Every structure is written in structure tokens, then in C-alpha cells.
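The values are calculated or read from the model by the stated rules, or taken from the named source; none is laboratory data. The structure displayed is predicted, hence computed values, not measured ones. When we count neighbours, we look across all protein chains shown, and the Cβ atoms used for this are built from the backbone with ideal geometry, even at glycine. Areas reflect the complete protein model, heavy atoms only, side chains present, ligands, DNA and RNA absent. Shrake-Rupley method; radii C 1.70, N 1.55, O 1.52, S 1.80 Å.
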Amino acid sequence: MEELNVAIFCLRGSTKRLLMIGGGMNIDSKQNNLSKRHKTSILAFAHITRAGGNTLLHILRYNYFLRSCDVRPLSKQSGGIFCAEDMAKTLIINPFIECIMGHSVRPHSNLDEVFPNIKYISMLRNPVDQYISIYLQRVRKHGKLSFEEFLKLDRSNFQTKFISGTEDLSAAKAILSEKYFAVGISEEFDGFLTILTKKLHPRFFVPSYRIVNVSKDKNTKGVILSKYRDKIIEKNKLDVELYDYVKEVILPSEKAIYGSAFEKDVKKLKERCKTGNVPIVRGHIDYLFRKVYYKHTTGIVRVLNGMPAKGLK
């Protein structure tokens, strides 16, 4: 019933809210009021591309349902990064939001300066695997490109840049340690979900999932690895160190805090995901709400602000 009320509120008066957001309204004057009124903590999934985050997206959508939103910048001033002004506009579209997610959500933005109840989470991935995956995605989307040519492009240390905004490894480590609610690695996905579930307690959180967006390029990846592994590592030294920092410093600390039941709970989750069925009706409703309401609403807002309806920039 509560989620039905959310849907009704969002759909009613949507034209008026569009005019408020896109008609030159001074959002800055409303930011402080919005941040004060929105007392609920907002989980912010900063989605690093090709790091195994699509499965986590589906889990968050299922758990937060109509209170979640795939966000993107809503004004040119955002510079491709979801900022506090965009958050203020998004809360006008749906003031009940408790979870945001997307590639434009970055922990080095000004989000938490205006909305201090933001709780960042991210998944990192082995930098060698991620770098190859970015290359393969580039080929699928834009056509033929040799790996030698790809090595010459500015695609190195992507995860460090994503976290800190620059190739500042120390800043990236500090952000992960000081600003993050939870961070994991895709190679230990079940462990991350187990820790996240406990951290979100007493909120009821179901971490069950089906794996989505699995790569079908294993043979190509193997060929690239055999020939270019050393070059990839050389180009992504900062990412390798950042990944190791999460794996060898942050995660062992989180597991120690979790306690002796950690391995047993991870095993339970693995078994549940093998045999359990994830309900799909809720997912269909969420899909329709996102596509019919959020996508078109944010697209109109972007157009009213002189941006293309589609895309992140």
C-alpha cells in the first residue's frame, strides 16, 4: 500500500513539477530545505562501468522498489556528474527516494556536502579484467578497434579516476575509507552482499539474485591476456594498488567486524541463490515505473535545461 501511495504521488501533479524543475526555478534556494526535510538515509550506488555492478543494480531495485532511482545529470552545469542540484531536482520528482544508482553517481561530487545522509557503495573489479572488458564493450558498441590501438587511448586507471576524480591514489583510498558505507570487489560478490545486508539492518534486505550481463568473450579475453597482461598492469598501476587496498585492507577489516558467522552466512547466501527464485512481478512493475515515469520525466527536464533527452552528459 505504501508503494502504491508513492506511485500515485509521483504521477499526480507531474506536469507542475516539470515546470518547477525545468522552468528556471532557483533550485539552490530549495536545496537546504530539501536536505533538511529528507531525513531518511539515501544509499548511493556509484556504479563503476564493467565492474560487475548490473547484478547489484537489480538487487537494489528489487529491495528499494519505487523508492529507488537510476539517476543522471539534469543540467549542463553538472558536467556529467550527478551533483547536489540534480539530487534536489530528483527529490522533487520523487521525494520518497531512499536509493540512487548510476554511472554518474561519483563520491567526489558535492552530493554529501548538501545531503550528508548519503551512503556510498561501490563494486571494484580486478583492473586487468575490467580494462579488457571496457575494450570489448568499446568494440561491440563502436566497431573494430585493435587492442594495440586501445592501449593508446586514455582509458587507464579508470577506477581510481572514478572514485577521486583524478589519478590521485591517496585521495581515492581516503574516500573509500572515510566516505563509503560499503565497498566490495566483484570477485567476492557474495561476501560484499553479506556485509551490506548486515550493515543495512534493521532494514529488511533480500540479497538473492540471478547473475546478469555475463561476458561471452572468454576466448578473446584469453588471447589478450596471454599477449598484453604486463602492458595492461603497467597502464593501470594505480587501479591495481587501489583494488589491492580494498581486497587486503578494507575487506579484512569489514569481515573482522562482521564476526565469526561471516563465512557461514556467505555459504547460506550462495545456496539460496542456487535454489531460490527471485520474484519477477515486482521487477516488472519497477521496470514500467522507471521507463514510463522516470525516464521520460528526466528526459523532459534535460531538454528544458538545454541537454539531450538521452544519455548521461
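Subtracting the Cα-Cα distance of Phe181 and Thr49 from 0.36 nm times their residue separation leaves 45.6 nm of extension gain. The mean of 1/r over all pairs of different alpha-carbon atoms in the stretch 146-192, once inverted, gives a Kirkwood hydrodynamic radius of 12.5 Å. Loop-resident chymotrypsin sites (Phe, Trp or Tyr not before Pro) (DSSP state other than H, G, I, E or B) in the stretch 188-284 with no more than 11 further Cβ atoms inside 10 Å of their Cβ: Phe204. Surface calculation, 1.4 Å probe, protein heavy atoms: Leu238 sits at approximately 40 Å² accessible. Build a GNM of the chain with springs between Cα atoms under 10 Å apart, and of Val223, Val266, Val114 the one that fluctuates most is Val223. Reported value for the stretch 201-259: 152 Å³ per residue, from the convex hull of its C-alpha atoms. Computed about its Cα centre, the charge dipole of the chain is approximately 1060 debye, with only Lys, Arg, Asp and Glu carrying charge at their Cβ. Extension gain for Ser208-Thr220 works out to 1.3 nm (0.36 nm per residue, less the C-alpha to C-alpha distance).
For the stretch 156-179 versus the stretch 57-75, the spacing of their alpha-carbon centroids is 24 Å. Against the criterion of solvent-accessible heavy-atom surface with a 1.4 angstrom probe, Arg272, Arg125 sort, most first, into Arg272, Arg125.
Only helices enter the 222 nm calculation for the chain: every DSSP H run of n ≥ 4 contributes -39,500 (n - 2.57), and dividing by all residues gives -16000 deg cm²/dmol, rounded to 500. Surface composition of the stretch 185-282: carbon and sulfur atoms hold 55% of the protein heavy-atom accessible area at a 1.4 Å probe. Take the stretch 233-313 with all the other protein chains still there, run a 1.4 Å probe, and you get 64 Å² of accessible area per residue.
Taking a Cβ cut-off of under 14 Å around His142, the surrounding Lys, Arg, Asp and Glu residues balance to a net charge of +4, with basic ones at +1 and acidic ones at -1. Taking a virtual spin label 7 Å from the Cα of Lys274 along the C-beta vector, which residues in the stretch 183-207 bring their backbone nitrogen under 17 Å of it? Zone members listed by number: 189-191.
Heavy atoms of the protein chains alone define the surface here; on that basis the stretch 73-224 has 44 Å² accessible area per residue at 1.4 Å probe size. Considering only alpha-carbon pairs that sit under 8 angstrom and 6 or more positions apart, the relative contact order computed for the chain is 24 percent.
Per-residue accessible area (protein heavy atoms, 1.4 Å probe) orders Ser226, Ser164, Ser146 as Ser226, Ser146, Ser164, starting from the largest.
Counting only Cβ charges, +1 for Lys and Arg and -1 for Asp and Glu, the dipole size of the stretch 228-313 around its Cα centre is about 580 debye. Judged by the mean number of other Cβ atoms found within 10 Å, the most tightly packed of the peptides 64-71, 289-296 leads the ranking 64-71, 289-296.
In the list (i) 20.0, 58; (ii) 22.7, 65; (iii) 20.4, 61, the label attached to Rg and Dmax of the Cα atoms in Å as derived from the coordinates here is (i). Largest accessible area first, the residues Thr160, Thr275, Thr220 order themselves as Thr275, Thr220, Thr160 under a 1.4 Å probe with ligands, DNA and RNA left out. Taken over the Cα atoms of the stretch 45-168, the convex hull encloses 126 Å³ per residue. Across all Cα pairs in the stretch 175-215, the calculated P(r) in 5 Å bins from zero up to the longest distance comes to 5, 19, 24, 26, 15, 9, 2, 0 percent per bin.
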